[in-house]
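The values are calculated or read from the model by the stated rules, or taken from the named source; none is laboratory data. Predicted model, so just to flag it, every value in this text is computed and none were measured. We place every Cβ from the backbone using ideal geometry, glycine too, and count neighbours over all the protein chains shown. In case anyone asks, the SASA skips ligands and DNA or RNA and just uses the protein heavy atoms, side chains included. Shrake-Rupley method; radii C 1.70, N 1.55, O 1.52, S 1.80 Å.
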Amino acid sequence: ATMCRRPRVFFSSSGGGAAKAKAKAKEEEAPVASQLRLFDFLWSAVWSLQLCKEYRLAQSQRPSLETMALVGGLTLSLSWCFVSSVLAKDNTWTRRWLATSGLLYLLRRGSSSNHVVLQALVSALVLFERSGGDQRRGARRLLGALYWVTALAKCNAGFFDRRESCAVLYAVAGGATAGLPRAPARLLEALPYFALAGEVWLACSFCFWERLGAKTKFAVVLLGSLFHCGLAAPAPPLSVYPFSLLMAPLFALAAEGDDARALRAFAVVFPAFLGVTLRFEGDFFEYPPYGSWRVGVASCLASFAAVVVGNTTTTAAALKTTTTTTTKKEENPRRRR
């Protein structure tokens, strides 16, 4: 029995199996590493809003030495992360440095910011989830939990009242900002129900992302992008473009995409969107005083457009692979016959 076992151990394919498993893990990790490049680019843009706010606050009151040190550290870290993402460098440590400096900044200056909890959770995700795959899965869990909470918060009588619903308010205000005609009353009455159903669908989709098909994943990315662009479109103080900008890197992290193509798309569409938003005249009240609605909306539209374009390539590749696999399965029985 011992002699029979030794050849199995000696000629065991465990080494080859380990090599195959390692190669497979490397293949799975490759798109994740590429995907984090777009995340770093968009996440750096989110932190730059804090610098705009601090610049405007410094015009009315002299900042303390602590504030200048926090802003200086944040500026260096986001600049490094931004440049590394553009140059396609390894951003592991620059990303963690930005997360650390960002958490320190929020700890001391969070009272003058908004969406502090979500931004801190994204920073914690970057710090405590080491691999790209874990960060991607963590982003999906975070998005699923966020949409579940917001969907539950909408389950009240006021949200379904056309005169009080925030869904109707944003639709009317966003359409007015874009110069669109007012929607029919029946559509406005049904809009809160569509909004709630959409958020529940987004929550379920991100919670069960691995089980979705390529087309469904692309539909989730497209619907979520349109939803958050709609939240950013109305003029301040109704616009929540800082929140929409923060959701863009989360979408880039949660959904697989071609980052090189996405960044090229951002470079093309951002000047076009900025040319449109700069035509809006007037002084807008913003709190916190970011004072960047025109640039922020253009950046939000370009960010989600880049996420959708990058995801288009991944979806097409997944569909092509599925078609090829199906064709091979259909050909195998014929060969056996």
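Can you pull out the trypsin sites (Lys or Arg not before Pro) in region 256-286 whose DSSP state is coil and whose Cβ has at most 12 other Cβ atoms within 10 Å?
Passing sites in region 256-286 are 279.
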Shape call for region 118-176 from the C-alpha gyration tensor, a ≥ b ≥ c root eigenvalues: rounded (a/c under 1.5), prolate (a/b greater than b/c) or oblate? prolate
Mind checking the per residue accessible area of region 149-265 for me, 1.4 Å probe, whole number of Å²? 48
Summing Lys, Arg as +1 and Asp, Glu as -1, what charge do residues with Cβ under 13 Å from the Cβ of residue 217 carry, residue 217 excluded? +2
FRET efficiency estimate (nearest 0.05) - Cβ-Cβ, residue 316 to residue 111, R0 51 angstrom: 0.65
Neighbour net charge for residue 254 - beta-carbon separation under 11 angstrom, K R +1, D E -1: +4
Roughly speaking, what % of Cα-Cα pairs in region 128-229 are separated by over 19 Å, rounded to a whole number? 52
From the square roots a ≥ b ≥ c of the eigenvalues of the alpha-carbon gyration tensor of region 180-296, which class results: rounded (a/c under 1.5), prolate (a/b over b/c), or oblate? oblate
Given axes a ≥ b ≥ c from the Cα gyration tensor, I'd like to know whether region 55-170 is rounded (a/c under 1.5), prolate (a/b larger than b/c) or oblate. oblate
What is the sum of charges, Lys and Arg at +1 and Asp and Glu at -1, for the other residues whose Cβ falls under 9 Å from the Cβ of residue 207? +2
Sorting 170, 147, 193 by accessible area (1.4 Å probe), largest first, what list results? 193, 170, 147
